[in-house]
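Below is one structure; the comments refer to it alone.
The values are calculated or read from the model by the stated rules, or taken from the named source; none is laboratory data. Everything numeric here is computed off the predicted structure, so don't read it as measured data. With ideal geometry, Cβ positions are generated from the backbone for all residues, glycine too; neighbour counts draw on all protein chains shown. Just the protein is used for accessible areas: all its heavy atoms, side chains included, with ligands, DNA and RNA removed. Shrake-Rupley method; radii C 1.70, N 1.55, O 1.52, S 1.80 Å.
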Amino acid sequence: MHALGKFIAVAALTATCGTAVGADAYPSKPITLVNPYAAGGPADTLGRALARELETQLGQPVVVENKGGGGASIGSQIVARAQPDGYTLLLGTAAAHIVTPLMQRTQYDGVKDFRFIGIVGNQPNMLVVHPKLQVKSVQELIALAREKPGQLNYGSAGPGSSPHLGAELFRKRAGIDLVHIPYKGAAPAINDLVGGQVDAAVLNLAASLPFIKDNRLIPLAYAARERSPLLPDVPTMAQAGIESAESASWYSLAAPAGTPDAVIQRLNDAVNAVNQNAKYRDQMASQGVELWSMTPDEATEFVLEDQRVLTDLVQGAGLVKQ
C-alpha cells in the first residue's frame, strides 16, 4: 500500500476507535441534574431520589442543582445552552418545555433545543377543598359554585402551572365560574388553602396528601384515569361526572439538542433500570408518583402530543404571549 494510503487508513481507524471508546466511556465524570424549581417541592424530592439511583447505575456522582424561577425557564435555559455531552441534564416538566415558552418569550425552544431521554415520573392532581365549604363531592361543589357564581376561588402555584391548568380544565368541563388566585409556588398556595383563605385547588397529590390525612383538606376527585391506591375511596374526575378532566405533573429527563445517540441511550437504559428497583418504586408510590418506562422516541412523541393539548388549553385561557 502507498505510504499516503497507509496513513489515511490508520487515521480513519484511529478516529473510529476513538469514537467508540468515547461512547463506551460515558460517563467518565460527575453529571449535573438541573431542577428548574426551588428546593423542597415535589420536583426536588423526585429529582434527588432519581439522582441517587442514577449514580448507582452510571457509576458517577449525579449532582442536583436547583435553578428555580421564571416559570422553570431559568434552569431550562441553562441546560439548553450547555455542552451536548450528557453531563448537564434537565428534570423537565410541561411548564419548562411547553407552557412557559407559550406564555412568555424564552431564550430557548422548549422542544427543539432538547433531546428527551424519558418521562421519569407522573403525578396526577387531586381536586381538594377547604372543609369550610361543607361539600363532600364534586357535584356538591358545582352546585355551590352555581349558587354563588364568581364568589368561590381556587389557588394555584402560578399562571400556567399544573395546578392552574388542572383547575381551569375542571372549571371549563364543569361549566362553573371560579376566581383564580395565583401564588409564587405550591407551598404558599397550600398554606392559604389549609388556612381557609382559599376555597379550592387542583393540587399535586403528594403535596395535598398530608393535609387530607389529617382532615384539613377534603379530597373530591382524582384527576387520573384510575383511582389512587393511596386514596382508594376518592373517585376519579370521570367517576365524579366530569369527563376529560385529567391533569398531572409529568417529569422528563432531557439533554441539550445535539447530544449523541449513544449517550441518550445509555441514560435511557439507566432510567429504565432505576424503575425496576423495588425500593425506589415503593418510595415513588408512597408519593403518588407513577413510573413510566419509555424509549427516547416515545418520550419525544409524548411531549409533542402534550404540547398540542396544552397549547389549546393555554390559548383558551388567554395566556399565550402576544
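Residues considered: GLY47, GLY86, GLY68. Of these, the only one that is open to solvent by less than 20 Å² (accessible area, probe 1.4 Å) and at negative phi is GLY47. Please indicate, with yes or no, whether at least one residue in segment 236-252 is touching a Gly at 6+ places or on another chain (Cβ under 9 Å) and in a helix (DSSP H, G or I). So far as segment 236-252 goes, no, none of its residues is touching a Gly at 6+ places or on another chain (Cβ under 9 Å) and in a helix (DSSP H, G or I). Just one of the numbered conditions (1) under 19 Å from ILE117 (Cα atoms); (2) open to solvent by 70 Å² or more (accessible area, probe 1.4 Å) is not true of ASP312: (1).
Taken together, the residues in segment 225-252 that are within 18 Å of ARG171 (Cβ to Cβ) and aliphatic (A, V, I, L, M) amount to 6. Looking across segment 120-140, the residues that are surrounded by fewer than 24 Cβ atoms within 10 Å (Cβ to Cβ) and of a type in the set (A, V, I, L, M) come down to LEU133, VAL135, VAL138. Please determine whether any residue of segment 146-158 is assigned to a loop (DSSP other than H, G, I, E, B), assigned by the TED database to the domain that holds VAL234 and under 27 Å from the mean Cα position of the chain (by Cα). Yes, segment 146-158 contains a residue that is assigned to a loop (DSSP other than H, G, I, E, B), assigned by the TED database to the domain that holds VAL234 and under 27 Å from the mean Cα position of the chain (by Cα). Candidates in segment 146-192 are the residues that are touching a helix residue (DSSP H, G or I) at 6+ places or on another chain (Cβ under 9 Å), surrounded by 23 or more Cβ atoms within 10 Å (Cβ to Cβ) and among the hydrophobic types (A, V, I, L, M, F, W, C); of these, the one that is modelled with the highest pLDDT is PHE170.
Just the residues that are of a type in the set (Asp, Glu) and within 19 Å of PRO219 (Cα to Cα), please, taken from segment 154-199. Walk me through it before giving the result.
So the first thing to find is which residues in segment 154-199 are of a type in the set (Asp, Glu), and the list is 168, 177, 192, 199.
Across segment 154-199, the qualifying residues are GLU168, ASP192, ASP199.
Might you let me know whether segment 113-122 holds any residue that is within 18 Å of the chain's Cα centre (by Cα), charged (D, E, K, R) and within 27 Å of PHE302 (Cβ to Cβ)? Yes: segment 113-122 contains one or more residues that are within 18 Å of the chain's Cα centre (by Cα), charged (D, E, K, R) and within 27 Å of PHE302 (Cβ to Cβ).
Out of VAL194, VAL198, one residue alone is assigned to a helix (DSSP H, G or I), closer than 19 Å to VAL138 by Cα and assigned by the TED database to the domain that holds GLU168. It is VAL194. The set of residues from segment 27-44 being under 16 Å from the mean Cα position of the chain (by Cα) and open to solvent by 60 Å² or more (accessible area, probe 1.4 Å) comprises TYR37, ALA38, ALA39, GLY40.
Would you pick out the residues in segment 71-83 that are open to solvent by less than 10 Å² (accessible area, probe 1.4 Å) and touching a Lys or Arg at 6+ places or on another chain (Cβ under 8 Å)?
The answer is GLY75, and nothing else.
Inside segment 263-302, residues that are of a type in the set (Val, Ile, Thr) and under 18 Å from GLY166 (Cβ atoms) make up a count of 1. Pick out, from segment 56-143, the strands (runs of 3 or more DSSP E) lying fully within it that include 1 or more residues that are basic (Lys, Arg). Answer list for segment 56-143: 114-129. In this entry, ARG115 passes the filter for residues that are modelled with pLDDT of 90 or more, of a type in the set (D, E, K, R), open to solvent by 10 Å² or more (accessible area, probe 1.4 Å) and in the same structural domain as SER293 (by the TED database).
A single entry from MET284, MET294 fulfils the requirement of being under 18 Å from the mean Cα position of the chain (by Cα), open to solvent by 10 Å² or more (accessible area, probe 1.4 Å) and in the same structural domain as ARG81 (by the TED database): MET294.
For segment 282-291, the count of residues that are hydrophobic (A, V, I, L, M, F, W, C) and part of a helix (DSSP H, G or I) is nonzero.
Residues of segment 229-258 that are at pLDDT 95 or above, of a type in the set (Gly, Ala, Ser) and open to solvent by less than 30 Å² (accessible area, probe 1.4 Å): ALA240, SER252, ALA254, ALA255. Working only within segment 259-271, note down all residues that are within 14 Å of GLU53 (Cα to Cα) and open to solvent by 40 Å² or more (accessible area, probe 1.4 Å). Selection gives ASP269 alone.
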